[in-house]
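Laboratory data are not the source of any read-out in this text; all were calculated from the coordinates shown. Computed from a predicted model, the values in this text were never measured in an experiment. Cβ sites come from the backbone with ideal geometry, for glycine too, and all protein chains shown count toward neighbours.
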Amino acid sequence: MAKKAQINFEKCKGCDLCIAACPVGAMRKSGTSNKKGYDFVEVNLERCNGCGACYIICPDCCIDILEMVLKK
């Protein structure tokens with residue numbers, strides 16, 4: 001199992017702080033709006049190393065670092 005970031009899309013306001021904080025470039029804008037009208041951020045799970053930089057910087061507590069089983 002690997003640790004990966006998971007974003008609560010409905011809470012995300014698209015502030016982009018996590019995109020700037022990610023050392024491996026695993027975060028990006030989704031190009032889709034959530035129910036509140038924000039272009040939320042999504043995670044590329046193949047690039048995410050679970051470091052938690054995004055979790056620490058998120059002002060809206062939208063990100064969790066979870067143990068995940070990735071299918072190859």
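Taking 7 Å along the Cα-to-C-beta vector as the label spot, tell me the A2-C15 distance in nanometres, rounded to one decimal.
Those two pseudo-labels are separated by 2.8 nm.
Given the range 2-68, what count of lysine pairs have C-alpha atoms under 16 Å apart, with each pair 8 or more places apart or on different chains?
Summing the qualifying lysine pairs gives 6.
So for the chain, considering every pair of alpha-carbon atoms, how many percent are separated by more than 18 Å?
31 percent
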